[in-house]
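Here is the structure we will look at, set down as structure tokens.
All of the numbers you see were taken from the coordinates with simple rules; none came from a lab. None of the values given here were measured: they were computed from a predicted structure. Heads up, the Cβs are rebuilt from the backbone with ideal geometry, glycines too, and the neighbour counts pull from every protein chain shown.
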Amino acid sequence: MASKLKQDHYKIKPGEREPEHQYLVGRGAQINTRNKFLKDEQSKEHIEGIDDWTENNLPTQYLEQQSKTIVNKIDSPDVGMAYSMNAYAGCEHGCIYCYARNVHEYWGYSAGLDFERKIIVKMNAPQLLRKELMHPGWKPMPIMLSGNTDCYQPAEQKYRLTRSLLEVCNEFNHPVGILTKNAWIIKDKDILKELAQKKLVRAMVSITSFNEDLRRVMEPRTVTATQRLKVIEELSSAGVRMGIMMGPMIPGLNDHEMQRIMKAASDAGAVFTAYTFIRLNGAIKLLFHDWLYKNFPDRADKVWHAIEDGHDGKVNDTRWGLRMRGSGPVAQLVAQQYEKYGKLYHMNMEKVPLRTDLFRRPTEQGKLF
């Protein structure tokens, strides 16, 4: 039985793929979903009347701004971090499953194509971090770079804000974590090595698939899995404690690759892991559905229903403790694989917390005794 959402929304026959010229190569989202926070807006949610739209091939825009804050407190027990900071809002990588898409609606944009093409650049991010750490009430706790969007997305090549944030952390001896799927992190190997020597940094590389046909459409502006393994190998050799994030695992698309990913990452020097089970909250539900049926019409129904089976008949579960892991037989199978292969490849064997006792403000004099 074909997905009712697909038939109702696009009015095309089940399993039928839309004409190739309508697919935006190099973008994950193919539409701009409506922003629920806006009363009056234009959105393209139907293929009818496509000739009336001329913005399909617009280049990425960088929207520079001065922000008020950069460090965010994380309350969710599912995330595994206390604080995060993001120098960029929106992400040109265009990963179709990205949970950060929904946040773009708060900025007045769509979670779809706008998320990939309108990148907000927080120009004063390093100054804001310095101000936060200088506050007398600040107590050092690891801060995660890329808690929302990738800190090494293409914008970093121009603005180097992530580099500046790392320099502030190094100056204050403040612990920091990194999550990325971009090889550009290698450009900061020098400062990462300094932080690692003081046990102030750990980094995770996101790897979801070795299937290049899948990666090119699911994560269109990212580097290959082979390049990501090279990142792990090079930084691990430099003394940086490296891990992998396998997220999300999607039944029928990439869940069967978990063992291969974990073995390859272990061979490259990764020593810890994490994973998430696909969840489609907010506008991501419509975006992923549209993407799935355009790219994999032969198995779209099977994948969609497997995702539903992993969330008690829905494609999203808001309950803490379950929303990132799912429930039911499909999600349990993924969890069992993760535990089995983690032990097999000696992952997560040793917990090494980042140091907080070295923290000092630049104006403070070092202790003599």
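Some points to look at:
- Farthest toward the positive end of the dipole of the chain, out of 63, 318, 204, is the Cα of 204, where the dipole comes from beta carbon charges about the Cα centre.
- For the chain, adding -39500 (n - 2.57) for each run of n ≥ 4 DSSP H residues and dividing by the number of residues yields -9500 deg cm²/dmol at 222 nm.
- Distance between modelled label sites at residue 226 and residue 332, nm, 7 Å Cα→Cβ extension: 4.0 nm
- Gyration tensor verdict on region 145-217 (Cα atoms; rounded if a/c is under 1.5, prolate if a/b is larger than b/c, oblate otherwise): prolate
- Extended-chain gain in nm, criterion 0.36 nm per residue less alpha-carbon gap, residue 37 and residue 164: 42.4 nm
- Non-local lysine pairs in region 155-262, meaning eight or more places apart or on different chains, with alpha-carbon distances under 14 Å, amount to 4.
- Counted by neighbouring Cβ atoms within 10 Å, the residues 291, 184, 320, 107 run from fewest to most as 320, 107, 184, 291.
- Couplings 3J(HN,Hα) for region 139-147, derived from phi with the Karplus relation 6.51 cos²θ - 1.76 cosθ + 1.60 (θ = phi - 60°), are 10, x, 9, x, 10, 8, 7, 6, x Hz, where x marks Gly and Pro.
- In sequence order, region 198-209 has phi-based couplings of 9, 6, 10, 8, 9, 9, 10, 10, 7, 10, 10, 6 Hz under the Karplus curve 6.51 cos²θ - 1.76 cosθ + 1.60, θ = phi - 60°, and Gly or Pro positions carry x.
- Relative to the longest principal axis of the Cα atoms of the chain, helix 284-295 runs at roughly 60 degrees.
- The 3J(HN,Hα) values that the Karplus relation (6.51, -1.76, 1.60; θ = phi - 60°) gives for region 177-189 are, in residue order, x, 9, 10, 8, 10, 10, 6, 4, 4, 4, 4, 9, 4 Hz. Gly and Pro appear as x.
- Under the combined filter of DSSP loop state and at most 13 neighbouring Cβ atoms within 10 Å, region 231-311 retains none of its GluC sites (Glu not before Pro).
- Ranked list, fewest to most other Cβ atoms within 10 Å of each Cβ, for 68, 285: 68, 285
- Spin-label pair residue 355/residue 299, simplified geometry with 7 Å Cα→Cβ offset, distance in nm: 4.7 nm
- Extending 7 Å from the Cα toward the beta-carbon at both residue 211 and residue 191 defines two label points whose distance is 3.8 nm.
- In plain terms, the chain from residue 64 to residue 340 could stretch by 94.8 nm, reckoned as 0.36 nm per residue minus the Cα-Cα distance.
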